[in-house]
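One structure is given here, and the rest of the page talks about it.
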Amino acid sequence: MALVHRGAWRLVAPLLRVAPTRTNPAPFLQRRHASKQFKGHKKEPKPKPKIHKQEVEIKQKMTVEELARAMDRDFDHVVEALLNTSVDVDELEPDSVLDQAWVMEVVSRSGMKFRWAKLHETRERPNKDATRRPPADPTLLKPRPPVVTIMGHVDHGKTTLLDSLRKSQIVATEAGGITQHIGAFSVQLASGEAMTVLDTPGHAAFSSMRARGASATDIVVLVVAADDGVMEQTVESIHHARNAGVPIIVAVNKCDKPQADPERVKKELLSHDVICEEFGGDIQAIPVSALQGKGLVELTEAVVALAEVLELKAEPDGLMEGLVIESRNDKGKGPVSTALVQRGALRRGAVLVSGRTWAKVRFMFDENNTVLKQAGPSCAVQVCGWREPPSAGEEILEVETEQRAREVVAYRQYLDEQQRMSEDQKTITANQEAHLQLYRQERAELAHLSWRQRKRALYKKNKDAFATRPKEWVQEEGGPRLGLILKGDVDGSVETLLNVLDSYDAQEQCELNLIHFGTGDITETDINMAHTFSGSVYGFNVAVPPPVQQAALKKEVPLRLHTIIYKLIEELQQELSLQLPPATTEMLLGEASVLMVFEVSMGKKKVPVAGCRVQKGVLDKKHNFRVLRGRAVLWEGSLSALKHHKDEVPSVKVGMECGLSAEGDVEFSPGDIIQCYELQDCVQTTSWTPPGF
């Protein structure tokens with residue numbers, strides 16, 4: 001064998017040592033070659049999934065409670081994150097202030113990241129509201145007709161008096177013969193003078209309408225029936241006039257009746273500081289008969305004379321300012337409002353703002369549906385063109401353009417939103433304070449325990465409270481309730497009905513839930529809403545189209561339609577009473593006195609028997625019995641036997657003697673009273689009594 005060079009041997013020897021027995025070294029060499037081929041190539045690392053950490057907004061001097069709320073965690077989570085640190089967790093309270101470093105440490109330990117809160121100042125919105133113009137130059141003022149409001153008790157003849165002044169028949173068109181809306185009319189007197197008259201309802205429920213009428217008027221004509229005298233709504237009308245600072249003229253009506261006594265009415269008014277001229281005062285009291293037309297000339301002369309004394313004037317030109325007397329949704333005309341012009345002139349095409357709505361006047365007309373082109377001060381007109389019906393009692397202001405009207409409405413809506421947010425914030429703050437005080441009280445009771453013991457005790461307490469919560473919830477949800485959807489013809493009617501519902505004070509008996517209210521006819525949306533909430537639909541002076549009636553029948557939604565307000569309230573009271581469970585009442589059937597006591601053997605047992613004489617009614621074995629000794633009840637239950645002489649009888653009448661034994665252990669004694677009574681189910685009635693009904 002030839003000698004191999006020493007350097008070459010060094011290259012071949014490793015191969016021989018690694019695989020000296022391999023017969024086919026080709027695959028191995030291929031692998032070696034492949035390794036050398038990709039030796040300089042680096043493997044690309046696999047992309048790691050990106051972890052999205054919750055971001056927490058932090059700030060300086062955060063309390064433990066604020067940090068927990070920002071992290072969407074509870075108080076105990078923050079305490080656990082601070083374990084094994086230099087912070088004394090046993091001394092931590094929800095209002096404890098944490099250092100900046102510990103705030104960041106808690107966020108980091110919770111697997112979150114933080115960002116500092118940005119300090120920003122809220123910019124106040126510029127005032128875009130519309131207001132009344134400054135007082136006009138006295139040289140520009142001109143006389144205007146007086147606005148007179150007729151007020152008084154229900155059925156004292158207010159509308160009849162207005163009919164006599166206008167030579168109309170309004171009373172014949174009123175449902176139930178009573179006024180249930182504010183009416184605005186222009187009256188032309190025989191002397192050539194004109195005045196605008198507001199007729200207000202006298203029923204107790206319409207207090208808000210009377211107050212609105214008094215605030216929009218110059219003179220109040222207080223109608224008092226001579227045969228009835230001063231009544232509840234008469235006194236209320238006096239208070240409304242006094243609060244508005246409006247002078248009063250008393251019209252003593254129904255003087256044609258035989259029992260009329262005008263002098264008694266004037267004396268009764270003295271107790272309410274209404275002093276007539278006959279008693280040294282400055283208030284005129286004029287006897288009239290609205291039915292026969294007597295005394296009307298004297299009444300109108302008194303109104304005209306008082307208007308001259310008041311020197312009523314207004315600016316006849318310029319932007320209109322007024323007041324919403326009433327509003328409604330009309331089928332053909334859309335939202336319509338009755339407006340009283342107080343300043344300026346109202347013309348067709350004017351842009352008006354009232355509350356949170358605005359209008360471009362399409363057309364206007366008077367109470368006789370006569371189209372008007374212009375209306376001056378003291379005129380009452382019906383205005384069409386509103387986007388939504390304005391609320392009764394709101395002021396009306398004319399603005400220059402539609403853009404300006406939108407700005408005013410948007411700003412007023414912004415103010416309402418800010419007020420709601422402020423009220424909500426106050427409620428939230430009060431609830432948080434109450435919760436914090438309760439939490440501190442609970443922590444104070446466990447202050448002597450360590451942190452772990454306190455956590456264990458709170459867990460057990462919360463667990464017990466949670467276990468009892470569903471039962472209380474079911475009991476609360478299972479009580480009687482009535483859903484209510486209310487629709488009225490005009491805004492004032494709905495306002496009156498809402499005021500009546502505000503007096504509901506029987507929520508513990510039956511929960512009254514006002515689902516929705518509004519003006520206009522009843523729609524299919526109202527039916528669907530009532531069906532969803534298992535409620536009833538009440539309509540006041542509104543219509544129900546046939547398709548809506550069919551939908552109500554199909555979904556079994558009750559429709560309660562009325563044209564008289566007290567009829568509507570009466571049916572609502574009846575429906576509330578029907579929601580109540582029946583009450584159990586006790587009916588006493590008979591009463592007997594125990595004369596003597598003896599025992600009777602029944603097999604091996606001796607049974608006590610009371611010998612009695614029936615003093616009242618009948619003792620019937622199938623009903624319930626009780627034994628009274630003085631005022632104490634010794635026993636209640638059923639009889640095991642009732643005998644007359646030796647015969648078993650079902651009942652014993654008054655005056656008869658009998659022997660009876662009771663089921664159970666009873667120790668009768670002479671002088672005891674035995675009563676027989678029956679339990680009967682009766683219908684409960686709601687305890688709610690609306691004022692004035």
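The values are calculated or read from the model by the stated rules, or taken from the named source; none is laboratory data. All of these numbers come straight from a predicted model, not from anything done at the bench. Heads up, the Cβs are rebuilt from the backbone with ideal geometry, glycines too, and the neighbour counts pull from every protein chain shown. The area values use the complete protein model at the heavy-atom level, side chains included, leaving out ligands, DNA and RNA. Shrake-Rupley method; radii C 1.70, N 1.55, O 1.52, S 1.80 Å.
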> Restricting to the stretch 274-295, what's the tally of residues that are part of a loop (DSSP other than H, G, I, E, B) and touching a residue at least 12 places away in the same chain (Cβ under 8 Å)?
Replying inline: 8
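State whether the residues of the stretch 296-311 include one that is in a loop (DSSP other than H, G, I, E, B) and among the aliphatic types (A, V, I, L, M).
As a first pass, look at the stretch 296-311 and keep what is in a loop (DSSP other than H, G, I, E, B): 311.
Subsequent filtering for residues that are among the aliphatic types (A, V, I, L, M) retains none.
No, the stretch 296-311 contains no residue that is in a loop (DSSP other than H, G, I, E, B) and among the aliphatic types (A, V, I, L, M).
Considering each residue of the stretch 485-507, count those that are free of Cβ contacts under 8 Å to residues at least 60 places away in the same chain and either open to solvent by 30 Å² or more (accessible area, probe 1.4 Å) or part of a strand (DSSP E or B) (or both), and give that number.
Residues flagged as free of Cβ contacts under 8 Å to residues at least 60 places away in the same chain and either open to solvent by 30 Å² or more (accessible area, probe 1.4 Å) or part of a strand (DSSP E or B) (or both) within the stretch 485-507 amount to 7.
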> In the stretch 619-649, what residues are in a strand (DSSP E or B) and touching a residue at least 40 places away in the same chain (Cβ under 8 Å)?
Replying inline: Leu619, Asp620, Asn624, Phe625, Arg626, Val627, Leu628, Arg629
>> Quick test of your reading of the structure: Val557 fulfils all but one of (1) under 23 Å from Gly488 (Cβ atoms); (2) surrounded by fewer than 14 Cβ atoms within 10 Å (Cβ to Cβ). Name the failing condition by number.
In response: (2)
> Is the stretch 345-360 home to any residue that is open to solvent by 10 Å² or more (accessible area, probe 1.4 Å), farther than 16 Å from Val490 by Cα, touching a Phe, Trp or Tyr at 6+ places or on another chain (Cβ under 9 Å) and free of Cβ contacts under 8 Å to residues at least 40 places away in the same chain?
Replying inline: yes
>> If a residue must be closer than 18 Å to Glu663 by Cα, open to solvent by less than 90 Å² (accessible area, probe 1.4 Å) and not in a loop (DSSP other than H, G, I, E, B), how many such residues does the stretch 592-613 contain?
In response: 12
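So in the stretch 361-403, with the set limited to residues that are among the small types (Gly, Ala, Ser) and closer than 21 Å to Asp416 by Cα, which one is most open to solvent (accessible area, probe 1.4 Å)?
We begin by selecting, within the stretch 361-403, every residue among the small types (Gly, Ala, Ser); these are 375-376, 378, 380, 385, 391-393.
Of the ones still in play, those that are also closer than 21 Å to Asp416 by Cα are 391-393.
Details: Ser391: 57, Ala392: 17, Gly393: 36 Å².
Step by step, filter the stretch 361-403, then rank; the result is Ser391.
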> What number of residues within the stretch 277-313 satisfy the criterion of being more than 28 Å from Gly344 (Cβ to Cβ) and open to solvent by 30 Å² or more (accessible area, probe 1.4 Å)?
Replying inline: 14
> What number of residues in the stretch 140-153 are open to solvent by less than 50 Å² (accessible area, probe 1.4 Å) and not in a loop (DSSP other than H, G, I, E, B)?
Replying inline: 6
> How many residues are surrounded by fewer than 14 Cβ atoms within 10 Å (Cβ to Cβ) and not in a loop (DSSP other than H, G, I, E, B) when one looks only at the stretch 529-548?
Replying inline: 3
> Are any of the residues in the stretch 571-579 of a type in the set (A, V, I, L, M, F, W, C) and either open to solvent by 80 Å² or more (accessible area, probe 1.4 Å) or over 22 Å from the mean Cα position of the chain (by Cα) (or both)?
Replying inline: yes
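Residues that are at pLDDT 75 or above, aliphatic (A, V, I, L, M) and under 34 Å from the mean Cα position of the chain (by Cα): find the helices (runs of 4 or more DSSP H) completely inside the stretch 154-249 holding 3 or more of those.
Numbers: elements: 158-166, 207-215, 232-244.
Per the criteria, 232-244.
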> Tally time: how many residues in the stretch 414-444 are open to solvent by 60 Å² or more (accessible area, probe 1.4 Å) and touching a Pro at 6+ places or on another chain (Cβ under 9 Å)?
Replying inline: 1
> Lys616: open to solvent by 40 Å² or more (accessible area, probe 1.4 Å), part of a loop (DSSP other than H, G, I, E, B) and touching a residue at least 12 places away in the same chain (Cβ under 8 Å), yes or no?
Replying inline: no
